[in-house]
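Written out below as structure tokens is the structure these notes cover.
Every number in this text was worked out from the coordinates using simple rules, so none of it is lab data. Just so you know, these numbers come straight off a predicted model, no measurement behind them. Note that each Cβ is placed from the backbone with ideal geometry, even for glycine, and that neighbours are counted across all protein chains shown.
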Amino acid sequence: MSKIAEKMRAATSKPAGAPALLVLEDGTVFAGTSCGAPGEAFGEICFNTSLEGYLEIVTDPSYAGQIVVLTYPQVGNYGVNADDAQAERPALRALVVRDMCPTPSSWRSQESLGDYLAREGVVAIEGVDTRALVRHIRDYGVQRAVVSTEDTDVAALLEKVRKSPSLVGENQVVGVSCDGAYSYTAANLPASHGFALAAPAEPRFKVVVYHCGVKRSILDGLVASGCELTVVPWDTPAEEVLAMSPDGVFLSNGPGDPEAVGETYRQAEKLLGKVPLFGICLGHQMMAKAAGAEIDKLKFGHHGGNHPVQNLLTGRVEVTAQNHGFCPRFQSLGALVPELSGGATEHAEDLREWGRRGVAPVVANERFGRIRLTHVNLDDGTAEGFAFLDVPAFSVQYHPEAAPGPTDAHYLFTAFARLMEGREDYLDIDIATDRLSGWKFGSTAEGEVA
């Protein structure tokens, strides 16, 4: 921390934390102060560009094995409410922020973020120039790092971080899934969210959820759209799931390298064509792996609530919430079907080209027939959504419930319900209307906005 920053803080009521260090495996060092639990944490460093929703980020199981940098400078100003948490406890390794607010101000706050992190044993560092850090990650990519409040020897920390395990090849899902099956219904919805959310639809569908690190708000979104859920562990045999006679199966989000989660994509391979499937994030990757897709590791991943995605079926752009570091290659799913791909016979390397052509291309997959590219990331041209045309299944790379984030992709829960109804037009939805579905926004008894 600079001398002027120290002088400014000394004039406030904010307490000074213990010294802390952040060291990247390429030798880059950032000094700061502790704002969470004391200790030393190793993981792959990444950044999240959301402007709010820090508790949802901290408790997202998809961050298992990672050190998360928040790009928004002040964090913690509205405190922590346990009903907003996405899991029982945080799965991330450490948190990096510019400034941690110790005195939150919100009618919903139960405690400060710093107190929450300390209670949950999460190492955190503040006083870091997060703008410089994020630019460094964008330039050089994600890499291993360590946050320590115990060791101030940079050389020693650098040696330790270079010996720490890589995220690639490790199954992070096993540590964040559930131990056994359980039900999740409208009775599990947080009562404190009732001021903003409408009552859920009456349950019409029995859905089995593969828990690969599912966020609670995704379960809430499924329940709100009329699903009665049975949540099962990540490696539950497909035969056991089919024996439950579900109307549909949902493959959840989750952390880490999809190549290491073999038991899930092998079950997805058995389920495709047997029951309607919907996958998001890691679930999207699991379905792509089941179809034989190659998986790319992204340079610095997609993490945040402001990623533009074009729906190739409608041409409309959705602002989406995302959290993943790997992505399937559409081109590896098979050869193009020219008559369903605007006459094209050659794949486009940058998938944004299909948006410019106004085409949602289709490939002939050896395992499951025709697969259509439905969504494309407008930042880097990667695949964001697939629809299987010969079996009832679709998937997206992002989080439609958006906690935190926008609600542009809420329609995908409605699409899943329509898929389970057997409708071929399940994705033909006006997203501008559906994005407000399920919200009250202070409506009065007469239906007027207060």
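What pairs in LYS215/LYS440; LYS163/LYS289; LYS7/LYS160; LYS215/LYS289 have C-alpha atoms more than 24 Å from each other? Exceeds cut-off: LYS163/LYS289; LYS7/LYS160.
Among ARG266, ARG89, ARG357, which one shows the biggest mean-square fluctuation in a GNM of the chain, springs joining Cα atoms closer than 10 Å? In the Gaussian network model the winner is ARG357.
The HN-Hα couplings worked out from phi for region 200-215 by the Karplus form 6.51 cos²θ - 1.76 cosθ + 1.60 (θ = phi - 60°) are x, 5, 4, x, 10, 10, 9, 10, 9, 10, 7, 8, 9, x, 5, 7 Hz, whole numbers, x standing for Gly and Pro. Per residue, the Cα convex hull of the chain amounts to 146 Å³.
Rounded to the nearest 20 debye, the dipole size of region 288-435 about its Cα centre is 200 debye, using +1 on the Cβ of Lys and Arg and -1 on the Cβ of Asp and Glu.
How about region 341-403: which GluC sites (Glu not before Pro) there lie in a loop by DSSP and see at most 14 other Cβ atoms within 10 Å?
Hits after loop and neighbour filter: GLU346, GLU349, GLU366.
Let me spell out the model: positive unit charges on the Cβ of Lys and Arg, negative unit charges on the Cβ of Asp and Glu, origin at the Cα centre of region 169-264. What dipole size does that give, in debye rounded to 20?
My answer is approximately 480 debye.
Any idea what log10 I(q)/I(0) is at q = 0.08, 0.14, 0.16, 0.18 Å⁻¹ for region 3-163, Debye with uniform C-alpha scatterers and no solvent? These q points yield log10 I(q)/I(0) values of -0.21, -0.65, -0.86, -1.09. The fewest-to-most ranking of MET100, MET286 by surrounding Cβ atoms within 10 Å reads MET100, MET286. Placing +1 on the Cβ of every Lys and Arg and -1 on the Cβ of every Asp and Glu, with nothing else charged, gives the chain a dipole about its Cα centre of roughly 560 debye. Could you tell me which of PHE278, VAL337, VAL396 has its Cα farthest along the dipole of the chain towards the positive end, charges placed at Cβ (Lys, Arg +1; Asp, Glu -1), taken about the Cα centre? It is VAL396.
Projecting the Cα atoms of VAL309, SER148, ALA87 onto the charge dipole of the chain (Cβ charges, centred on the Cα centre) puts SER148 farthest toward the positive pole.
Counting only aspartates and glutamates at least 8 places from LYS274 when in the same chain, those with an alpha carbon closer than 20 Å to its own are GLU228, ASP235, GLU239, GLU240, ASP247, GLU263, GLU366, ASP390, GLU421, GLU424, ASP425. Modelled label positions at TYR182 and ALA198, each set 7 Å beyond Cα in the direction of Cβ, lie 2.9 nm from each other. Just to be sure I understand: of the beta bridges DSSP finds with both ends in the chain, what percent are antiparallel, rounded to 5? For the chain, the DSSP antiparallel bridge percentage is about 60.
On the principal axes of its alpha carbon atoms, region 173-434 extends 50, 39, 37 Å, with the longest extent given first. In the chain, helices alone account for a calculated mean residue ellipticity at 222 nm of -5500 deg cm²/dmol, with every DSSP H run of four or more residues adding -39,500 (n - 2.57).
Taking the alpha-carbon centroid of each part, what is the distance from region 31-75 to region 355-431 in angstrom? About 30 Å separates the Cα centre of region 31-75 from the one of region 355-431. For a straight C-alpha distance cut-off of 21 angstrom, the lysines reachable from LYS14 (same-chain residues fewer than eight places away being disregarded) are LYS3. With neighbours defined as other Cβ atoms within 10 Å of a residue's Cβ, the residues TRP107, TRP439, TRP354 order from fewest to most as TRP107, TRP439, TRP354. By the count of neighbouring beta-carbon atoms within 10 Å, fewest first, SER112, SER437 end up ordered SER437, SER112.
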